Amino acid sequence: MPNLAEFNALPAAEAERELLACCAAPAWARAVAGGRPYPDRMALRTAGDAAARALTWADVAVALSAHPRIGERAAGAGREAAWSRREQAGADDPSVAAALVAANRAYEERFGHVFLIFATGRSAPEMLAAARARLAHDEATERPVVQEELRKITLLRLERLVP
């Protein structure tokens with residue numbers, strides 16, 4: 001993982017590739033890479049936050065396609081997969097595994113995309129309760145929730161990318 005000086009010095013295309021591990025929306029990666037050089041990590045975080053808040057729903061949909069279902073282990077050896085496995089560590093609870101699968105399925109049928117939640121620090125029962133509660137939302141209520149969860153995940157990953 002690059003430090004801030006190394007990140008600032010990367011060619012634009014390489015910086016964007018690195019940033020896509022944080023958020024798979026190319027618009028986000030372009031915006032953050034385009035703001036370099038950053039004087040400090042707080043400026044980088046602020047730019048990442050602003051870029052996440054500016055994503056359109058189409059951008060969010062692209063980012064969602066890169067996220068595994070809650071309770072499913074992300075495959076692969078890449079950085080994004082490793083981060084996902086780490087973030088979802090609390091979902092490894094056999095007592096609620098079947099219920100999480102059912103909630104994921106119901107959510108995807110209702111909204112047309114994966115159930116996204118900032119899983120870091122949450123237990124499987126907490127994630128299951130959130131999925132069930134969010135199933136009661138309509139599309140207009142759920143989209144801002146999804147965007148906020150994506151923003152939180154993205155910022156955590158950005159902090160991991162440039163420590």
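The values are calculated or read from the model by the stated rules, or taken from the named source; none is laboratory data. The structure displayed is predicted, hence computed values, not measured ones. Backbone-built Cβ (ideal geometry, glycine too); neighbour counts: all protein chains shown. With ligands, DNA and RNA removed, areas are computed over all heavy atoms of the protein, side chains included. Shrake-Rupley method; radii C 1.70, N 1.55, O 1.52, S 1.80 Å.
A few comments on the model shown:
- Top positive-direction residue, dipole computed over the chain with Cβ charges, set 52, 96, 13: 13
- Using heavy atoms of the protein chains and a probe of 1.4 Å, the accessible area assigned to residue 113 is about 30 Å².
- The base-10 log of I(q)/I(0) for the stretch 89-163, evaluated at q = 0.22 Å⁻¹, reads -1.02 [Debye formula, identical scatterers on Cα atoms, solvent excluded].
- Sorting 123, 95 on solvent-accessible area from highest to lowest, probe radius 1.4 Å, gives 95, 123.
- Tail fraction, Cα-Cα pairs, the chain, threshold 20 Å, whole percent: 50
- Here the 3J(HN,Hα) profile of the stretch 141-151, calculated from phi with Karplus coefficients 6.51, -1.76 and 1.60 at θ = phi - 60°, is 7, 6, 4, x, 5, 4, 4, 5, 5, 4, 4 Hz, Gly and Pro shown as x.
- Relative contact order of the chain, defined on C-alpha pairs under 8 angstrom at six or more residues apart (%): 30
- Fully extended contour minus Cα-Cα distance, from residue 42 to residue 140, at 0.36 nm per residue: 32.1 nm
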